[in-house]
Amino acid sequence: MSELKKYKELALGGNIEKSGTAVEFKTGDWRSSKPVYHPENCIQCLFCWVYCPDSSVTLKDGQVTGFNLDHCKGCGICAHECPGKKKVKAITMVEEVK
Amino acid sequence: MQKIILAKTGNEAMALAMKQINPDVVAAYPITPATEIVQIFSQYVADGEVKTEFVAVESEHSAMSACIGSCAAGARTMTGTSSQGLALMYEMIYIAAGLRLPIVMADVNRALAAPINIHCDHSDTMGCRDAGWIHIFSENAQEAYDSMIQAMRIAEHKDVRLPVMVTTDGFIISHGMERIDTLSDADVQSFIGKYDPMMHLLDIKKPFTVGAINLTDYYFEHRRAMVDAQNNALKVIKEVGAEFGKKFDTNYGLIEKYQLDDAEVAIVALGSTCGTAKVVIDKLRKQGVKAGLLKIRVFRPFPAEEIARALENIKTVAVLDRSDSIGSFGGPVFTEVRSALYGSAKKPQIAGVVYGLGGREIDMEQIEGLFMDLKAGKIKADSVSYLGVRD
């Protein structure tokens, strides 16, 4: 987050005066477990990308590359939906440790 | 400028002001005694006399919600309500103010249930006095009409940008017919000017978010900004009132002093009771009693300094409250006036008098009796009494 503004510097009524700002607001920090990607087991079906409620599965050229952990809430839907390769999951959930 | 003299009830006067303002959107739900305001206005819409989009909603909560939506979208927006209807708007009242939307509301003051009552007291609007709305009381239909027109300018002023409620006393003003001076449509339009919404949601070139969450990091700052806007309104209301006076011969300020400067005993009141008090004061003055009145026209922002200055040389003052803050030490007007005086070197003996709840009659004899009791020292300073209740 950028530095907090003083009250006189704020937009009227708390308006957010541009679009696409949610990306600046990191919402992944209340996660208790996180997804781990195992590319060797991935068949690039993109089910994880479709099902992720936070658009946190990152792609490059239509291929899964991993997760945006600034916004992933750790719900585990990606891991649940992942068919894996020969039933071995390409996404597993591990507990978040500091 | 030519004034047109008409016979109008308070509700008719407010509806006429709304017609001449010709807002883009009115969303409202009928409620006694404010029903006629939107009923008459909806007839103007049906007859094509205004270009307003009239949204007939299913509750007052929806009325204020629709007003918030339309105002955020960039439309000049108005509504009208009373009592339980205002109470049903309560949640959205805070949102309208917090989002800094210049909505103007006609509220006809009426008691809150229970027991159910349809008559006048100020409990309804006093209940949302802390929401951030500007709060203007009217002594009569003329003031209601004039204040509605000024309210649009005050709400939309760039240093204010807060919603405004203009109130009348239920039935006493809303249904009592008076002679009023009205302005031409063109004069009203030129006074209020064209609405500049600054930012609006229908502006597709500048997308923005309204109503985002503010947690511990920003909520406090936004509420603090509203305090500044209310303070700015003190000046803006006076400027708009003076400009109205210059153009249309009737000046409006935050307070009005009636025979107050040399008064020994005075009352402080809001709304229609001030008219009755003026007649009593005229009578008492002829008898050599130095009686005076301080009328508070604008309750939010509370003109504390002006009130303290106006009362500093009076010996004894009774503050009349047409609502009670049950469990508090006196009604809201009394506690605030007394608080405003606390830091003054010179201050009067001051007592609170709650009266007229649920439309209980306040007549000239009672007000005269009050003045005489004040004069005779029968009303103890720093006490709260109840005038006109059977005890």
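Quick look at the numbers
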| quantity | calculated |
| --- | --- |
| Unique match (being open to solvent by 50 Å² or more (accessible area, probe 1.4 Å) and either among the β-branched types (Val, Ile, Thr) or out of contact with any helix residue (DSSP H, G or I) (no Cβ under 8 Å at 6 or more places or on another chain) (or both)) among B:Lys283, B:Lys346 | B:Lys346 |
| Selected residue (criterion: nearest to B:Ala340 (Cα to Cα)) from residues of the range B:253-292 that are of a type in the set (Ser, Thr, Tyr) and part of a helix (DSSP H, G or I) | B:Thr273 |
| Any hit, the range A:30-40, residues being exposed (fewer than 14 other Cβ atoms within 10 Å of the Cβ), within 14 Å of chain B (Cβ to nearest Cβ), under 30 Å from A:Pro83 (Cβ atoms) and aromatic (Phe, Trp, Tyr) | yes |
| Given (1) touching a helix residue (DSSP H, G or I) at 6+ places or on another chain (Cβ under 8 Å); (2) hydrophobic (A, V, I, L, M, F, W, C); (3) touching a residue at least 40 places away in the same chain (Cβ under 8 Å), number of the condition B:Leu294 does not satisfy | (3) |
| Residues within the range A:2-29 that are part of a loop (DSSP other than H, G, I, E, B), basic (Lys, Arg) and either without any contact (Cβ under 8 Å) to a residue 12 or more places away in the chain or surrounded by 15 or more Cβ atoms within 10 Å (Cβ to Cβ) (or both), tallied | 3 |
| Answer residue from the range B:328-343, given it is part of a loop (DSSP other than H, G, I, E, B) and in contact with a strand residue (DSSP E or B) (Cβ under 8 Å, 6 or more places away or on another chain) and is surrounded by the fewest Cβ atoms within 10 Å (Cβ to Cβ) among those | B:Phe329 |
| Some residue of the range A:41-49 being more than 17 Å from the chain's Cα centre (by Cα) and in a helix (DSSP H, G or I) | yes |
| Conditions (1) within 22 Å of the chain's Cα centre (by Cα); (2) in contact (Cβ under 8 Å) with a residue 12 or more places away in the chain: number failed by B:Arg285 | (1) |
| Scope the range B:182-233; condition of a type in the set (Val, Ile, Thr), more than 10 Å from every other protein chain (Cβ to nearest Cβ) and surrounded by fewer than 14 Cβ atoms within 10 Å (Cβ to Cβ); matching residues | B:Ile204, B:Thr216 |
| Residues (of a type in the set (A, V, I, L, M), within 22 Å of B:Leu387 (Cα to Cα) and buried (at least 21 other Cβ atoms within 10 Å of the Cβ)) located in the range B:286-310 | B:Ala291, B:Leu293, B:Leu294, B:Ile296 |
| Residue in the range B:163-177 that is open to solvent by 10 Å² or more (accessible area, probe 1.4 Å), touching a residue at least 24 places away in the same chain (Cβ under 8 Å) and in a helix (DSSP H, G or I) present | no |
| Those residues of the range A:12-29 which are facing chain B (nearest Cβ under 8 Å) and not polar (S, T, N, Q), in sequence order | A:Leu12, A:Gly13, A:Gly14, A:Ile16, A:Glu17, A:Lys18 |
| Residues being open to solvent by less than 20 Å² (accessible area, probe 1.4 Å) and either charged (D, E, K, R) or farther than 29 Å from B:Gly132 by Cβ (or both) - total across the range B:249-266 | 4 |
| Residue list for the range B:201-247, restricted to those being of a type outside the set (A, V, I, L, M, F, W, C), outside any helix (DSSP H, G or I) and free of Cβ contacts under 8 Å to residues at least 12 places away in the same chain | B:Lys205, B:Lys206, B:Pro207, B:Thr209, B:Asn214, B:Thr216, B:Asp217, B:Tyr218 |
| Selection status of B:Ser325, touching a residue at least 40 places away in the same chain (Cβ under 8 Å), more than 16 Å from the chain's Cα centre (by Cα) and outside any helix (DSSP H, G or I) | yes |
| Selection status of B:Ala144, open to solvent by less than 10 Å² (accessible area, probe 1.4 Å) and part of a helix (DSSP H, G or I) | yes |
| Qualifying residue in the range B:81-95 (condition: open to solvent by 10 Å² or more (accessible area, probe 1.4 Å), touching a residue at least 40 places away in the same chain (Cβ under 8 Å), under 18 Å from B:His157 (Cα atoms) and within 14 Å of chain A (Cβ to nearest Cβ)) | no |
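The values are calculated or read from the model by the stated rules, or taken from the named source; none is laboratory data. Everything quoted here is computed from the prediction, not taken from an experiment. We place every Cβ from the backbone using ideal geometry, glycine too, and count neighbours over all the protein chains shown. Just the protein is used for accessible areas: all its heavy atoms, side chains included, with ligands, DNA and RNA removed. Shrake-Rupley method; radii C 1.70, N 1.55, O 1.52, S 1.80 Å.
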